[in-house]
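The values are calculated or read from the model by the stated rules, or taken from the named source; none is laboratory data. Remember, it's a predicted structure, so these values are computed and weren't measured experimentally. Glycine gets a Cβ as well: all are built from the backbone with ideal geometry, and neighbour counts include every protein chain shown. Each accessible area value is taken on the protein alone, full model and side chains, heavy atoms only, with ligands, DNA and RNA left out. Shrake-Rupley method; radii C 1.70, N 1.55, O 1.52, S 1.80 Å.
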Amino acid sequence: MPTYRAPRGTRDLLPEEAGRFLRFARVAADLTSRYGYRPIETPLFEQTAVFERGIGEVTDVVEKELFRIAPRTEDAEAWALRPEPTAGIVRAYVQHGMQTWPQPVRLTMTGPMFRYDRPQAGRYRQFWQFDVEAIGDPGPAIDAEIIELGYRFYTEIGVRDVEVQVNSIGDPVCRPAYLATLVAYYRAAAGTLPPTERDRLEKNPLRLLDSKDPAMAALNAAAPRITDHLCDACQAHFDGLRTHLDALDVPYRVAPGLVRGLDYYTRTAFEFYVAGREGQQQAIGGGGRYDGLVELLGGRPTPGIGFGLGLDRVALVLDEQSSAAGTDGDAADGGRAPDAVVVSADPDDTIGRLRVATELRATGLAARADLGHRKLGRQLEAAGRDGAHFAVILGDELAEGQAQLRDMQAGTQRLVAIGDLGRELQRAVSQHRHGTRKG
Ligand code: HAM
């Protein structure tokens with residue numbers, strides 16, 4: 001057992017897995033730029049108040065799961081690691097006066113989030129999200145566009161059988177009357193409520209609906225539904241969302257019990273699941289509209305909508321789906337095989353090897369110098385194990401400014417002037433790539 005280990009609920013992404021996450025981020029960046037989103041980066045930690053106000057004080061995320069940073073002095077600001085990106089991005093929108101930019105402002109970010117939850121498969125204390133936010137458009141057309149964008153991400157990344165669940169959770173006009181009905185319903189069953197839920201009933205009754213406590217399942221299934229209590233404007237918005245989703249051919253299911261776990265949501269709420277995995281309560285992504293959030297964090301009233309997709313869960317699903325299909329799964333990118341490895345007959349000439357490799361890299365080639373003090377044969381063996389296409393062999397010809405260029409696959413070699421190596425290799429590598437290698 002090693003003395004030091006990654007903290008519980010976190011994991012190291014070793015090169016294969018880290019390469020796969022880079023691929024997710026690349027697909028996300030390419031896709032979002034096609035839809036007009038621009039990248040943003042916010043700090044990994046914020047003033048705790050940003051999350052308390054934004055996400056809501058009576059939510060699992062803030063009450064139980066916030067990673068609070070111990071203050072260094074008594075009068076220090078209270079900080080917490082970000083449990084999700086939306087509150088920070090909206091804080092940045094307000095702070096930098098983005099309401100004066102052309103609206104909506106479309107922003108995207110991919111990075112780690114932190115929640116002090118009980119770790120289990122698919123639930124980590126540090127996890128990655130691909131997030132998009134469109135701030136400044138009341139919808140519902142953009143709601144459908146965003147849901148379609150999330151759905152397309154899964155398609156492009158190779159996840160099959162994704163199911164979209166949508167709901168409307170009303171707004172400040174219709175929600176109070178619904179909440180009164182909900183409170184009356186739960187009060188009638190108060191004797192059977194677990195203590196946390198009984199406490200929450202008075203403070204934030206909507207949260208009971210997405211309780212993770214199994215004791216709540218039957219009660220929640222029979223609870224009054226917000227969709228039966230929507231005001232005319234929310235109903236029209238929800239109908240508009242569905243018409244647009246139909247027009248875009250996004251398959252979806254209306255899920256009247258879906259309320260999301262964060263307080264900032266209004267109207268549209270949605271989640272992505274893989275069909276057959278719903279029982280595990282593990283959404284692979286989720287989002288919704290937050291028309292009150294900008295104002296809550298100090299800006300002018302401004303509508304917004306976005307989603308966060310859980311990349312760790314996407315990776316798990318890809319593994320499950322590929323092992324079920326008996327394939328190797330998505331092409332993990334564990335790094336690039338070198339175009340050339342520079343070796344030399346003189347085991348101690350590391351300067352010569354390093355110099356040539358440095359020049360080759362400057363021309364854009366993936367070139368590595370063998371920096372061990374071992375015999376030429378061993379250097380060539382190692383180059384072969386690395387999958388190098390070519391070896392540049394520095395030997396006696398170096399005195400005349402030349403080196404042997406060896407094609408590792410064909411087993412052939414020829415003399416090339418050192419100054420021409422970059423150009424020769426570029427040409428040979430591109431011929432290899434296009435399968436037009438001659439002699
Ligand atoms: P969320 O539903 O809390 O929404 O998280 C989004 C996704 O992150 C989840 O569907 C899940 O895939 C993943 N996720 C959440 N917690 C964990 C965890 N502990 N371990 C692994 N994956 C996890 C939000 O965070 C909102 N900010 C989404 C949003 C953006 N709404 C509007 N804009």
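From the Cα gyration tensor of region 102-141, with a ≥ b ≥ c the square roots of its eigenvalues, which class applies: rounded if a/c is under 1.5, or else prolate if a/b is larger than b/c, or else oblate?
Prolate is the answer for region 102-141, as a/c is 1.5 or above and a/b outweighs b/c.
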Query raised in the report: Counting alpha carbon pairs within less than 8 Å and at least 6 residues apart, what relative contact order, in whole percent, applies to region 1-152?
Result: 25 percent
Query raised in the report: Taking the convex hull of the alpha carbon atoms in region 1-152, what volume per residue do you get, in Å³?
Result: 157 Å³
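Send over a whole-number figure in Å² for the accessible area per residue of the chain, probe 1.4 Å.
Working: 21370 Å² over 439 residues.
It amounts to 49 Å² per residue over the chain.
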Query raised in the report: Taking Cα centroids, how far is region 365-408 from region 102-138 in Å?
Result: 46 Å
Query raised in the report: Roughly how many percent of the accessible protein surface of the chain is carbon and sulfur, given a 1.4 Å probe and a whole-percent answer?
Result: 52 percent
Query raised in the report: Relative to the longest principal axis of the chain, what angle (0 to 90°, nearest 10) does the C-alpha long axis of helix 175-187 take?
Result: 80 degrees
Report summary line: Note: A18 to Q47 extended length (0.36 nm per residue) minus current alpha-carbon separation gives 7.5 nm
Query raised in the report: For region 1-68, max minus min Cα coordinate along each principal axis, in Å, sorted largest first?
Result: 47, 36, 18
**Report entry** Rel. contact order, % - alpha carbon contacts under 8 angstrom, at least six apart, the chain
**Finding:** 15 percent
Query raised in the report: Taking the Cα atoms of region 367-424 alone, what are Rg (to one decimal) and Dmax (as a whole number) in Å?
Result: 11.2, 30
Query raised in the report: Under a GNM of the chain (C-alpha, springs under 10 Å), which listed residue has the highest mean-square fluctuation: L316, L107, L293?
Result: L316
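Which whole number of Å³ per residue matches the convex hull of the alpha-carbon atoms in region 178-218? Kindly include the intermediate steps, with their values, before the conclusion.
Numbers: hull volume 2.7 nm³, N = 41.
So the per-residue Cα hull volume is 65 Å³.
Report the rotationally averaged projected area of region 156-286 based on its alpha-carbon convex hull, in square nanometres. Show your work: numbers first, answer last.
Working: hull surface 34.5 nm².
Answer in nm², one decimal: 8.6.
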Query raised in the report: When the chain is treated as a GNM, springs tying every alpha-carbon pair under 10 Å, which of R198, R378, R34 comes out with the largest mean-square fluctuation?
Result: R378
Query raised in the report: Which residue fluctuates the most in the chain, going by a Gaussian network model with Cα springs under 10 Å, if the choices are P119, P15, P347?
Result: P347
Query raised in the report: What order, most packed first, do the peptides 100-106, 49-55 have when packing is the mean number of other Cβ atoms within 10 Å of each residue?
Result: 49-55, 100-106
Query - Potential lengthening between R198 and D407 on full extension [0.36 nm per residue; Cα-Cα distance subtracted] - result: 67.9 nm
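What share of Cα pairs, in percent, lie more than 15 angstrom apart in region 248-290?
Details: 416 of 903 pairs.
Pairs farther apart than 15 Å: 46 percent.
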Query raised in the report: If each of R5 and L248 carries a label point 7 Å out from its Cα toward its Cβ, how far apart are those two points in nm?
Result: 4.3 nm
Report summary line: Between the alpha carbon centres of region 162-237 and region 47-81 the gap in Å comes to 26 Å
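Report the extension gain between R160 and R414 in nm, rounded to one decimal, defined as 0.36 nm multiplied by the number of residues separating them, less their alpha carbon distance. Mind showing how you got there, number by number?
Numbers: separation 254, 0.36 × 254 = 91.44 nm, distance 4.93 nm.
Length gained between R160 and R414: 86.5 nm.
Please report, in whole Å³, the volume per residue of the convex hull around the C-alpha atoms of region 96-210.
Numbers: hull volume 22.8 nm³, N = 115.
Spelled out: Cα convex hull of region 96-210, divided by residues, is 198 Å³.
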Query raised in the report: Which of the peptides 264-273, 160-169, 404-413, 296-305 is most tightly packed, and how do the rest follow, judged by the mean count of other Cβ atoms within 10 Å per residue?
Result: 264-273, 160-169, 296-305, 404-413
**Report entry** Cα-Cα pairs of region 185-242 separated by more than 15 Å (percent)
**Finding:** 53 percent
Query raised in the report: What angle, in degrees between 0 and 90 and rounded to the nearest 10, separates the Cα long axis of helix 421-433 from the longest principal axis of the Cα atoms of the chain?
Result: 60 degrees
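Using only C-alpha atoms and all pairs of different ones, pull out the Kirkwood radius for the chain in Å with one decimal.
On the way: mean 1/r = 0.0394 Å⁻¹.
Hydrodynamic radius (Kirkwood, Cα only) of the chain equals 25.3 Å.
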Query raised in the report: In sequence order, what are the phi-derived ³J(HN,Hα) couplings for region 35-48 according to the Karplus relation 6.51 cos²θ - 1.76 cosθ + 1.60 with θ = phi - 60°, rounded to whole Hz, with x for glycine and proline?
Result: 8, x, 8, 10, x, 9, 10, 10, x, 6, 10, 9, 4, 3
Report summary line: Rounded to whole angstroms and listed largest first, the alpha-carbon spread of region 279-423 along its three principal axes comes to 74, 45, 26
Requested in this report: Please identify the cysteines of the chain that lack any partner cysteine with a Cβ under 4.7 Å from their own Cβ.
Outcome: C234
